[in-house]
Amino acid sequence: MHRITHLALAALSLTAVLTVACVQNDAPAADFMIGYDGVTPVTNPGPPPAARLDLVVSIGPKSLTDMGSPDEFGRVSSVALGPNKEVFVADRLNSEVRVFGLDGVHHRTFGRRGEGPGEFRSLNSLAWSGDRLLTFDPDQGRIGQWSAAGEYLGQRRTQTGVTGQSDLVRFYPVGPDEVFVYALLSDQRYQRYFVGLNSRGETGDTIAWLRGPSSGPPAYIECQYERSLAFFEVPFAPRFLQHPGPGGVLYSALTSDYRIFVTRSDGTEVLRLIERPMTGESFSTAEWRSANAEYREWREARKGASCDPREPTRPDAKPFIEDLFVAPDGKLWVEVVRTAGNRWEVFGTQGRLLGSIPAPPRKEGVAPAFGPDYLLTIRQDSLDLDHIDVWRLEIGGGTH
């Protein structure tokens, strides 16, 4: 899955873009990727153990006659699996949470558009923390708290007006009662962090947002035209991924290497290194041209645009990793890029490979969700209608 992201003024304000750029440059560098001592890698060679994903339920309109039903969503921004294996769906367009069973039956709906208690202006993300459902409304700068039944339990304040891609500005649930949220914190200069939360409030855990190694070609092209900025992801270029983990650790990787580093919150100490030997895959000139077509068209339509760099640097091979996630049960899910089709590779808490399965299609810009041995993905059909697919992970003869 290759993504080219164009963020124009309508999607992200110029001030916000420049702020993010500044704090990213001030972030600590991930120097541990270049040199690390005293850490024995957890290497996972050879064929993976047997595993599969079984589709439990698909929630969404089955035909045009279902329009207006509870499973016809406006825009799904987030999904979570509740304590009783109920599926909680954040519908940002309709500003409400809809709840379904694993049989696909609609159970209840709560929340509405507005600025009062229990109302949303931007329902961006949701996650379970203990026995409470947390909802993130970045436009209003608040985190709502709800019972499983949909009772509003109050709110916490957070930053107001954080905008951007929903797969960044969201909750990161990493334990049964441990959730992180993206934030900009000011200490004379703004810095990017993951801030820890639980069902009782802030945990005090903060994880620094790290800057990837400075060597190598840029992963993005930044263009300025009149009063707007646009960012284009360079096809197949190495990107730096990071995801908070339980206990205030950070998981990070360069997409060009199948190595996942587990470090302390400030990146100063490597606690674990997970490796997976895998053959690299090349791409053709036709693939490269096709992947850059959107950038070329944008430039052609805006002759006066200033872009840095002006031309993308062609990488030597495809990346190994598309994305990585740490699930609340401690498993590490790595989406691996393969020409034959992307795969999910799942690792246990000690970094041992548990299984490798084909990755189901999912909607760009919306993070999947995880439960104990469950994967929840959002996809769009041919009519651009959103569906939620719930998968159960089976490893060997059963779940793990």
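Descriptive notes on the structure:
- The residue list Ala286, Ala327 contains one member that is modelled with pLDDT of 95 or more and within 30 Å of Asp205 (Cβ to Cβ), which is Ala327.
- Boolean, Gly365 is small (Gly, Ala, Ser), open to solvent by less than 20 Å² (accessible area, probe 1.4 Å), at positive phi and out of contact with any strand residue (DSSP E or B) (no Cβ under 6 Å at 6 or more places or on another chain): no
- For the range 321-330, the criterion of being within 30 Å of Phe73 (Cβ to Cβ), touching a strand residue (DSSP E or B) at 6+ places or on another chain (Cβ under 7 Å) and assigned to a loop (DSSP other than H, G, I, E, B) is met by at least one residue.
- Once the range 190-202 is narrowed to residues that are part of a strand (DSSP E or B) and surrounded by fewer than 17 Cβ atoms within 10 Å (Cβ to Cβ), the residue that is modelled with the highest pLDDT is Gly201.
- Residues in the range 55-94 that are among the hydroxyl-bearing types (Ser, Thr, Tyr) and closer than 19 Å to Lys363 by Cβ: 3 in all.
- Filter result (out of contact with any Gly (no Cβ under 8 Å at 6 or more places or on another chain) and open to solvent by 10 Å² or more (accessible area, probe 1.4 Å)) within the range 370-388: Phe370, Pro372, Asp373, Tyr374, Arg379, Gln380, Ser382, Leu383, Asp384
- Among the residues of the range 202-235, the ones that are farther than 20 Å from Arg299 by Cα and in contact with a Lys or Arg (Cβ under 7 Å, 6 or more places away or on another chain) come to 1 in all.
- Answer residue from the range 36-54, given it is aliphatic (A, V, I, L, M) and assigned to a loop (DSSP other than H, G, I, E, B) and is nearest to Lys363 (Cα to Cα) among those: Ala50
- Selection status of Gly60, at pLDDT below 95, over 20 Å from Leu168 (Cβ atoms), surrounded by 13 or more Cβ atoms within 10 Å (Cβ to Cβ) and not acidic (Asp, Glu): yes
- Within the range 230-260, considering residues that are in a loop (DSSP other than H, G, I, E, B) and charged (D, E, K, R), the one least open to solvent (accessible area, probe 1.4 Å): Arg239
- Output for the range 81-96, where each listed residue is surrounded by 24 or more Cβ atoms within 10 Å (Cβ to Cβ) and either within 10 Å of Asp386 (Cβ to Cβ) or among the aliphatic types (A, V, I, L, M) (or both): Val87, Val89, Ala90
- Long-range neighbours under 9 Å by Cβ, at least six apart or interchain, first residue on the phi > 0 side of the Ramachandran plot within the range 32-50, second surrounded by fewer than 12 Cβ atoms within 10 Å (Cβ to Cβ): Gly46/Pro277
The values are calculated or read from the model by the stated rules, or taken from the named source; none is laboratory data. Computed from a predicted structure; not experimentally measured. Note that each Cβ is placed from the backbone with ideal geometry, even for glycine, and that neighbours are counted across all protein chains shown. Surface areas here come from the heavy atoms of the whole protein model, side chains and all, with no ligands, DNA or RNA. Shrake-Rupley method; radii C 1.70, N 1.55, O 1.52, S 1.80 Å.
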